[in-house]
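Written below as structure tokens is the structure these notes are about.
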Amino acid sequence: MSETRIITVNEESQGIRLDKFLNCYFEDLSRSGLQKLIEEGFVTINGQARKSNYKLKGDEYVTVSIPSPVEPEIEPEDIPIDVVYEDDDLIIVNKPKNMVVHPANGHYTGTLVNALLYHCKDNLSGINGVKRPGIVHRIDMDTTGLLAVCKNDISHNALAEQLKDHTVKRTYHAIVKGCLYEDGTVDAPIGRNKSDRKKMAVIRDGSGKEAITHYHVIETFKNYTYIQCNLETGRTHQIRVHMAYINHPILGDLVYGHRDSRFPGTLTQTLHAKELELIHPSKGEKVRFTTDLPDYFQNILRIIKTNNY
């Protein structure tokens, strides 16, 4: 649905650029997004189109018309997927690196959903809409591992309830910077980063949501630690944010983490969803799925051990 908004410019705003002025009123739109609206004529001042760098005079009214978003049609694509388990209710997939789970801005093809639409045809739950059929939880593009996808609405509701009640057990393996010698828990609320909306952060002003990560030390090296993480909650980027928060960022995480030039051409985010345990939505019994560490992860572990990093 399109939206039109009229804003009166007061004297205090005199001399401010048009795009900067609008940025204060449309926090959900980026500066470049607002500039695009201005360039395409969706913003007028006293009925006349202006450029982004136009400086307000202080006695005008700005009309902003935000057009309805055009949702691209999501097409099935014949993309190979690693199916760990499948029945009439669930499909458990082992997601590879560099694959986005569902379509979003900049990623409307090549996603796991595109592959699932081809593999499952019309047998995916519709609760999350046409862009996220079957998707009840997700993992990041650069995270590998197990993901449960629902093939009907009954199983989707059942699994969503388990996730809400924290009864789904999700176990990740990761390599983090620095030496950890004992197990621990990070209990710190997570919310949108105040200065960078594309990132998450530990937020303690009351706006962050509860987030709890338990970690177990598998092996400690000279400069790194190989750990297992269990999620009690499932916030966006939770493990990555929590480990960075305690000064043990994930090796290869380019957003929150740690780069190391000693891994030329091989270093990538070392986070893998290795195990998944849940109550089967129709059978009512506990089922557990596991997958081996992918080659990239094993290779980085081998380099650390061989070179005593």
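Some observations on this one:
- Farthest towards the positive end of the charge dipole of segment 1-135, among the residues 96, 37, 21, is the Cα of 21, using unit charges on the Cβ of Lys, Arg, Asp and Glu.
- Solvent-accessible area assigned to carbon and sulfur over the chain amounts to 46 percent, based on a 1.4 Å probe.
- For residue 230 and residue 24, a Förster radius of 41 Å and the Cβ-Cβ distance give a FRET efficiency of 0.45, rounded to the nearest 0.05.
- Per-pair calculated FRET efficiency, R0 = 45 Å: residue 141 and residue 49 via Cβ, rounded to 0.05: 0.75
- Under Karplus coefficients 6.51, -1.76 and 1.60, residue-wise ³J(HN,Hα) of segment 236-252 in Hz, glycine/proline x: 4, 6, 4, 4, 4, 5, 5, 5, 5, 5, 9, 6, 10, x, 6, 4, x
- Note on residue 262 and residue 63: the model spin-label points, each 7 Å out from Cα along the C-beta direction, lie 6.4 nm apart.
- Of every Cα-Cα pair in segment 217-309, the percent that sits beyond 14 Å: 71 percent
- Cβ-derived FRET efficiency at R0 41 Å, residue 78 paired with residue 193, nearest 0.05: 0.65
- Exceeding the 20 Å Cα-Cα cut-off - candidates 20/194; 95/283; 164/286: 95/283
- Note that the chain presents 53 Å² accessible area per residue, ligands and nucleic acids not counted, probe 1.4 Å.
- When each of the peptides 158-169, 220-231 is scored by the mean number of other C-beta atoms lying within 10 Å of its residues, the order from highest to lowest reads 220-231, 158-169.
- Extension gain for the segment residue 164 to residue 8, taken as residue separation times 0.36 nm less the Cα-Cα distance, is 51.8 nm to one decimal.
- Average projection area in nm² (convex hull over Cα atoms of segment 128-223, one quarter of hull surface): 8.6 nm²
- Rg and Dmax of segment 46-177, Cα atoms only, in Å: 20.6, 65
- Ellipsoid fit via the Cα gyration tensor, the chain: semi-axes of 41, 27, 18 Å, each the root of five times an eigenvalue, largest first.
- Extent along the principal axes, Cα only, for segment 249-297: 49, 22, 11 Å, with the longest axis given first.
- Most mobile of 103, 80, 264 in a GNM of the chain (Cα contacts under 10 Å): 264
- Here the sum of -39500 (n - 2.57) over DSSP H runs of 4 or more residues, divided by the residues of the chain, equals -5500 deg cm²/dmol at 222 nm, to the nearest 500.
- Note that segment 1-123 shows a convex hull volume over its alpha carbon atoms of 139 Å³ per residue.
The values are calculated or read from the model by the stated rules, or taken from the named source; none is laboratory data. Everything numeric in this text was worked out from a predicted model, so none of it was measured. Cβ coordinates were reconstructed from backbone atoms using ideal geometry, including for glycine residues, and neighbour counts include every protein chain displayed. Surface areas here come from the heavy atoms of the whole protein model, side chains and all, with no ligands, DNA or RNA. Shrake-Rupley method; radii C 1.70, N 1.55, O 1.52, S 1.80 Å.
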